[in-house]
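So the structure is just underneath, and the comments pick up after that.
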Amino acid sequence: MTDARLPIGEPLLEVEDIDVFYGRIHTLYGVSFEVRENEIVALLGVNGAGKSTLLKAISGINRAASGRIRFAGERIDNLSSHEIVRRGVVQVPGGRGGFPGLTVGENLRLAAAVSRADKGRGAAEDLARVYELFPWLADRRTQASGTLSGGQQQQLLLARAFLAKPRLMMIDELSLGLAPIVVEQLLEIVAGLNRGGLTIVIVEQNVDLALSFADRAYFLEKGEVRFSGAAHELRERTDLLRSVFLAGASGASL
């Protein structure tokens with residue numbers, strides 16, 4: 001992995017005018033969203049704005065009622081979640097994850113085996129690469145994952161997702177419940193994955209960090225896109241960001 005970033009390429013993910021419902025509740029209204037290859041895109045908004053719903057629609061967890069979702073030029077909105085993962089789209093949940101009763105090594109070996117179409121053949125090479133990217137995992141491979149700190153569990157989730165060999169990694173609430181210094185460390189890991197050629201979508205409650213880290217940003221409010229453009233341009237939209245900072249001050253997350 002080099003320090004220089006790869007050039008931003010053609011559109012990799014294209015979400016066109018989708019509507020999403022939870023039962024009878026309309027949650028996304030004609031949302032369009034684009035991510036280019038090698039790009040980092042921040043998805044921002046107050047709690048309940050529809051950010052996680054959008055990620056779940058892309059992942060196939062919640063189906064869009066209308067509109068189209070394309071990945072690498074092919075429609076994926078009619079595919080199951082596991083088929084979408086096989087095409088290279090992986091979602092990383094926020095907070096504590098993994099199988100707490102299994103060790104770090106068992107969590108990773110399971111993820112490596114599941115991600116291989118040939119029933120685990122070649123998984124050793126994949127694990128070696130993960131231990132290179134996350135060296136502390138090798139030292140804790142016999143430790144129960146449920147005893148890790150919140151930041152360590154989030155790194156374990158990133159490592160498990162990396163084993164799926166994604167082209168696009170969507171990270172939901174990376175900083176949930178974590179100290180700012182831990183979040184900065186995690187973002188540097190994510191930036192390193194991006195420098196290695198991984199395209200990133202990140203939902204992040206620390207607005208300052210997100211906008212300094214991302215190439216572009218989208219701002220959702222009440223299920224609609226209120227802003228899309230360069231991250232530095234969103235910094236100037238105090239009318240939008242004020243609501244996020246007020247929510248953060250009252251204990252809500254993005």
(request) Would you mind stating whether V92 is more than 19 Å from M170 (Cα to Cα), hydrophobic (A, V, I, L, M, F, W, C) and surrounded by 21 or more Cβ atoms within 10 Å (Cβ to Cβ)? (result) no
(message) Restricting to segment 220-234, name every residue that is touching a strand residue (DSSP E or B) at 6+ places or on another chain (Cβ under 7 Å) and either assigned to a loop (DSSP other than H, G, I, E, B) or closer than 23 Å to Q153 by Cα (or both).
(response) G223
(request) For F134, work out the one condition from (1) at pLDDT 90 or above; (2) of a type outside the set (V, I, T); (3) surrounded by 17 or more Cβ atoms within 10 Å (Cβ to Cβ) it doesn't fulfil. (result) (1)
(request) Output the helices (runs of 4 or more DSSP H) that fall wholly within segment 24-129 and possess 3 or more residues being aliphatic (A, V, I, L, M), or say none. (result) 51-59, 104-115
(message) One residue is enough: does segment 197-219 have a residue meeting the conditions among the charged types (D, E, K, R), crowded, with 21+ Cβ neighbours inside 10 Å, touching a residue at least 60 places away in the same chain (Cβ under 8 Å) and part of a helix (DSSP H, G or I)?
(response) no
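Quick test for you: out of I171, I189, pick the one residue that is of a type in the set (A, V, I, L, M, F, W, C), under 17 Å from D215 (Cα atoms) and in contact with a Pro (Cβ under 9 Å, 6 or more places away or on another chain).
I171
The values are calculated or read from the model by the stated rules, or taken from the named source; none is laboratory data. Everything numeric in this text was worked out from a predicted model, so none of it was measured. Using ideal geometry, Cβ is built from the backbone for each residue, glycine included, and neighbour counts are taken over all protein chains shown.
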